[in-house]
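**Student:** Encoded as structure tokens, here's the structure I'll be asking about.
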Amino acid sequence: MMTKEEAIAIILAHGVAGRRASEVPLSDARGRALAADVSAGSDFPPFDKSTMDGYAVAALDVASPTILPVSGRIVAGMEGAPLQRGTAAKIMTGAPLPPGADAVLPVEDTAMMHGGSHVELRRAVKPWQNVARRGEDFRKGDVVVARGTIMDAPVLALLAMLGRDPVPSFTAPRVCVVPTGDELVPPGDAIVQPGAIYESNGTLLESQLLEVVPSLRVTRVGIARDNRASLNAFFDVGLDHDVLVLSGGVSMGDLDLVGVLLKERGLRVAIEKVSIKPGKPFLFGDVVRTDGHVCTVFGLPGNPVSSCVTMELFVRPWLLARLGSLAPLGATISARLRVDRAIKAIPRTQHVPATLRVGADGATVSPVRWNGSGDLRGLAQANALAVLPMGTVGQDGDVVDVIMLPRRVPLPNLDS
Ligand code: AMP
Ligand code: MG
């Protein structure tokens, strides 16, 4: 059986190999990575600009407090007339400094006189005080955002500030999510058959994918049943996509046909089992059609928590690598484990749903009440997964790695 680290290495290499770039509208780029360096088309700021509401002056005229005639008014978005020496011009934040001026005295340090014809400047100013110089943030031609940067809010805004739309982005794969199982009933329907349960992995996996990239195209086409005809019909549709994410049917049960049937369709298996808990049965590979179309296939275990964890551990980094991210794995956090009873060692890497708290004396992580891989409620109450390497006991006080669950934040540590 493969280790988690071996599996991740294979998955990342596969994701990188599948990258394609294209221009996408800025509004669709959220969460994706830039496919090329973006450099500035002009200096920024593009002109010397006032950082305050106040009066533009020549600093030499205001070497000490003084009174000057007011010769004009400049607002953001206009170009002021040249400033005559010995005068001051009223200026607003963001407005270009008029030629001849080299400093701004904030309005708080001034007083209007004679109905506004003159102004009392109550402090001395130095050259370039309260002025953002042209090009001080970056210069024309500078690389401002590097290839591989994930386009989150500030990066998207920076691209907008550079006037860029569309932007070079790695193409997002089209994903099809297919839960499998005879027992599954779509939420909203009535359960009539004994032994039936509601289908939750479709919602889970689609939501997790959209958390990575909101503009990802995720298709759901219903629930496949545990027989040849049904699975093959769903594979016909699913394999048409760039990625097929299946849940269930990949373990050792009599009706676990997913792997068998995919192999009949030419699945090149790269990973079949990974020594992690939860989530041991895990299928990864691709199907190359005769017309050349390649579909990457993830077969996730059916238990909801296993599905969620394998999505986090494997599908998410694959997607981020495919999308060009420079850091598809993100950072792991270290925290001190808090347990009443030690967590037993097993020959697999354990991922324990837990609460990460951060306080003045560092981070602690305590497992939530959790009944195993079917207990989605336990997971929903966690903000992190505590990681115990293969063969490691988890004792109270041990320092362990922690994976933050996306969109969850560390909680304050009430003890510290
Ligand atoms: P499987 O991997 O198909 O053997 O499923 C393992 C367990 O997960 C079984 O108890 C299934 O009923 C449950 N399960 C499988 N798929 C889903 C799903 N889509 N939604 C909720 N539970 C599921
Ligand atoms: Mg099943």
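Laboratory data are not the source of any read-out in this text; all were calculated from the coordinates shown. In this text the structure is predicted, and so the values were computed from the model without any measurement. No Cβ is skipped: glycine too gets one built from the backbone with ideal geometry, and neighbour counts run over all protein chains shown.
**Student:** Roughly how compact is the stretch 256-397, stated as its Cα Rg over 2.2 N^0.38 Å to two decimals?
**Tutor:** Against the empirical 2.2 N^0.38 Å value, I get 1.21 for the stretch 256-397.
**Student:** Quick one: compute the contact order of the stretch 354-413, relative version, from alpha carbon pairs under 8 angstrom and 6+ residues apart, as a percent.
**Tutor:** Normalised by residue count, the contact order of the stretch 354-413 is 41 percent.
**Student:** State the number of lysine pairs found in the chain whose Cα atoms come within less than 26 Å, restricting to pairs 8 or more positions apart or on distinct chains.
**Tutor:** Final tally of qualifying lysine pairs is 15.
**Student:** Who wins for biggest fluctuation among Leu184, Leu244, Leu216 in a Gaussian network model of the chain, springs between alpha carbons below 10 Å?
**Tutor:** Leu184
**Student:** Then there is this: Per residue and in cubic angstrom, what volume does the convex hull of the Cα atoms of the chain have?
**Tutor:** Numbers: hull volume 84.7 nm³, N = 416.
Spread over its residues, the Cα hull of the chain gives 204 Å³ apiece.
**Student:** Okay, moving on. Averaging sequence separations of C-alpha pairs under 8 Å and six or more residues apart, then dividing by the length of the chain, give the relative contact order as a whole percent.
**Tutor:** Answer for the chain is 16 percent.
**Student:** Right, something else. Let me check against my output: what whole-number percent is the relative contact order of the stretch 148-252, with C-alpha pairs under 8 Å and at least 6 apart?
**Tutor:** Details: 118 pairs, mean separation 39.9, N = 105.
Normalised by residue count, the contact order of the stretch 148-252 is 38 percent.
**Student:** Next up: Taking the chain as a Gaussian network, where each spring joins two C-alpha atoms under 10 Å apart, which residue of Asp28, Asp48, Asp165 fluctuates the most?
**Tutor:** In this elastic network of the chain, the residue with the biggest mean-square fluctuation among Asp28, Asp48, Asp165 is Asp48.
**Student:** For Asp152 and Ser64, FRET efficiency with R0 = 41 Å and r from the beta-carbon atoms, rounded to 0.05?
**Tutor:** Once rounded, the FRET efficiency stands at 0.30.
**Student:** Using only DSSP helix segments of four residues or longer, with each worth -39500 (n - 2.57), what per-residue ellipticity at 222 nm results for the chain after dividing by its residue count and rounding to 500? Write down the numbers at each step before the final one.
**Tutor:** Numbers: 8 runs with 73 residues, N = 416.
Rounded to the nearest 500, it is -5000 deg cm²/dmol.
**Student:** What is the sum of charges, Lys and Arg at +1 and Asp and Glu at -1, for the other residues whose Cβ falls under 15 Å from the Cβ of Cys308? Walk me through the numbers on the way to the answer.
**Tutor:** Values: positive: Lys277, Lys280, Arg316, Arg377, Arg407, Arg408; negative: Glu199, Glu206, Glu211, Glu312, Asp375.
Neighbour charge sum, excluding Cys308 itself: +1.
**Student:** Placing unit charges on C-beta atoms (Lys and Arg positive, Asp and Glu negative, everything else neutral), compute the dipole magnitude of the chain about its Cα centre in debye, rounded to 20.
**Tutor:** In total the dipole reaches around 340 debye.
**Student:** Which one, Ala88, Ala172, Ala224, has the greatest fluctuation when you compute a Gaussian network model over the chain with C-alpha springs under 10 angstrom?
**Tutor:** With Cα springs under 10 Å in the chain, the top fluctuation among Ala88, Ala172, Ala224 is at Ala88.
**Student:** Mind checking which of Gly163, Ile197, Thr180 is farthest towards the positive end of the stretch 161-208's charge dipole, using Cβ charges of +1 (Lys, Arg) and -1 (Asp, Glu) about the Cα centre?
**Tutor:** Gly163
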